[in-house]
Amino acid sequence: MVSENRRALVVVDMQNDFVYGSLGNERCRAVVPEVCAVIRGGGYDSIYVTMDTHGGGYLSTQEGRNLPVEHCLDGTWGWELAEDVSAAIAASGLRAEQVRKGTFGSLDLARILRRDCPPDASVDIVGVCTDICVVSNALILKAACPEMKVSVISRCCAGSSPERHEAALLTMRSCQVYVI
């Protein structure tokens, strides 16, 4: 437990499949340099990285039936953190705690941040996809840690479409998540 942490960064799902692989797109690729710049220069006390993690039965899950594209299968190249993001974390000098999640939002991430950070800490969120996993994790964190300042760095996020990205930012603002 590191209770002196005042500023934490959450990097959501910056994995190969979301950037370069089966669900990757130009919007996701375009935020990689921004995410890396924030990691390198953000002045954070701690970094947490969520890792979307699925097994071989993904297509039989509710998510798989609604999004029938296998992605982030545990142990594959697509599951791994994008190389530039991994290099930026290494350059930051901080050890990133990896949080595996089998769905959009992570209750474990909220528990870990409650454990590691004081109630008045600042938590910045970057990653993909704004309208699915970023918004899910931001709202879970805000509910679990209501006095933490939870912010999303919009230039470091990409949605499944520009319209859905903007809609997710609006939803987060409505729920007292700062959008910067």
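May I ask you to sort Ser174, Ser154 by Cβ crowding, counting other Cβ atoms within 10 Å and putting the fewest first?
Starting with the residue having the fewest Cβ neighbours, the order is Ser174, Ser154.
Where does the charge balance sit around Gly75 when Lys and Arg score +1, Asp and Glu -1, over other residues with C-beta under 15 Å from its C-beta?
-4
Enter the angle in degrees (range 0 to 90, nearest 10) between the Cα long axis of helix 107-116 and the first principal axis of the Cα atoms of the chain, meaning the one along which they spread out most.
Taking the Cα atoms of the chain, the angle to 107-116 is about 20 degrees.
With the Cα gyration tensor of the range 1-118 giving a ≥ b ≥ c as the square roots of its eigenvalues, does the rule (a/c under 1.5 for rounded; else a/b larger than b/c for prolate; else oblate) give rounded, prolate or oblate?
Oblate shape, in that a/c is at least 1.5 and b/c is the bigger or equal ratio.
Order of Arg6, Arg95 from fewest to most other C-beta atoms within 10 Å?
In order of increasing Cβ crowding within 10 Å: Arg95, Arg6.
Helix 135-144: angle to the longest alpha-carbon principal axis of the chain, degrees 0 to 90, nearest 10?
Approximately 40 degrees, to the nearest 10.
Which whole-Hz ³J(HN,Hα) couplings does the range 12-17 yield from phi under the Karplus relation 6.51 cos²θ - 1.76 cosθ + 1.60, θ = phi - 60°, glycine and proline marked x?
For the range 12-17, the Karplus-derived couplings read 9, 6, 7, 9, 3, 5 Hz, x marking Gly and Pro.
Read the figures in this text as sums done on the coordinates, not as results from a lab. Just so we're clear, the structure is a prediction, and the values are computed from it rather than from any experiment. Cβ: placed from backbone, ideal geometry, glycine included. Neighbour counts: every protein chain shown.
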